[in-house]
Amino acid sequence: MRKPVDTGDPDRLYTVTGGRSRADESFDLVTLIVSESGPVPGMQSEHARILELCRHPTAVVEIAAELMLPVMVVRILLGDLQDTGRITARHPRAARSVASLPDSALLQEVLHGLRNL
C-alpha cells in the first residue's frame, strides 16, 4: 500500500514561498540546475541549500527530494535564484528528428561488436 505524498505543513510552505503560488514554468522535472555562486549570510535557508546541492548539475526533481518539498515550491525558489543570477538552468535537449539519428546498420554493427566482447 502506497503512502500518500506529504506536501508539508501549509503554513511552512506559505512562508518558504512568501505566499506565492505561481512557479516558473521553464523548470521541468529534468531541468539541470547549476549554482553560479555560494550561499551568503542572511539568505533564506532553502535558497542556501539549493546552492549547496547544485554545485554540480542537479535535476529539479532531485532538489525537491533532497529538500523534502513539493516540486512546485522548489520551482518558485529556483525562479528566485535565477532572477538574481545565482543559478543557471540547463534544459534537456529536444528530441532530434528521425533523420539525424544513427543509421540502423551502424547500430547493428555496434550491437554485434558488443555481443562479441
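Any residue at all in region 83-101 that's of a type outside the set (Gly, Ala, Ser), in a helix (DSSP H, G or I), surrounded by 10 or more Cβ atoms within 10 Å (Cβ to Cβ) and at pLDDT 80 or above? Walk me through how you get there before you give the answer.
We begin by selecting, within region 83-101, every residue of a type outside the set (Gly, Ala, Ser); these are 83-84, 86-88, 90-93, 96, 98, 101.
Remaining after also requiring in a helix (DSSP H, G or I): 83, 98.
Next, from what is left, pick out any that are surrounded by 10 or more Cβ atoms within 10 Å (Cβ to Cβ): 83.
Still in the list and also at pLDDT 80 or above: 83.
Yes, region 83-101 has at least one match.
What pairs come out if I take residues in region 54-74 that are open to solvent by 60 Å² or more (accessible area, probe 1.4 Å) and pair them with residues that are modelled with pLDDT of 90 or more and small (Gly, Ala, Ser) whose C-beta lies under 6 Å away, six or more apart or interchain?
Sorted first by the residue in region 54-74, then by its partner, the pairs are ARG55/SER35.
Out of everything in region 27-53 that is in a loop (DSSP other than H, G, I, E, B) and touching a strand residue (DSSP E or B) at 6+ places or on another chain (Cβ under 9 Å), what residue ends up being surrounded by the most Cβ atoms within 10 Å (Cβ to Cβ)? So that I can check it myself, show each step before the final result.
As a first pass, look at region 27-53 and keep what is in a loop (DSSP other than H, G, I, E, B): 27-31, 36-44.
Going one step further and asking which of them are touching a strand residue (DSSP E or B) at 6+ places or on another chain (Cβ under 9 Å), we end up with 27, 29-31, 36-37.
Numbers: PHE27: 23, LEU29: 12, VAL30: 12, THR31: 19, GLU36: 13, SER37: 11.
Among residues in region 27-53 that are in a loop (DSSP other than H, G, I, E, B) and touching a strand residue (DSSP E or B) at 6+ places or on another chain (Cβ under 9 Å), the one surrounded by the most Cβ atoms within 10 Å (Cβ to Cβ) is PHE27.
From (1) at pLDDT below 90; (2) assigned to a loop (DSSP other than H, G, I, E, B); (3) in contact with a Leu (Cβ under 8 Å, 6 or more places away or on another chain), pick out the condition that doesn't hold for GLY19.
Only one criterion is unmet by GLY19, namely (3).
The values are calculated or read from the model by the stated rules, or taken from the named source; none is laboratory data. Computed from a predicted model, the values in this text were never measured in an experiment. All Cβ positions, glycine included, derive from the backbone under ideal geometry; neighbour counts span all protein chains shown. In case anyone asks, the SASA skips ligands and DNA or RNA and just uses the protein heavy atoms, side chains included. Shrake-Rupley method; radii C 1.70, N 1.55, O 1.52, S 1.80 Å.
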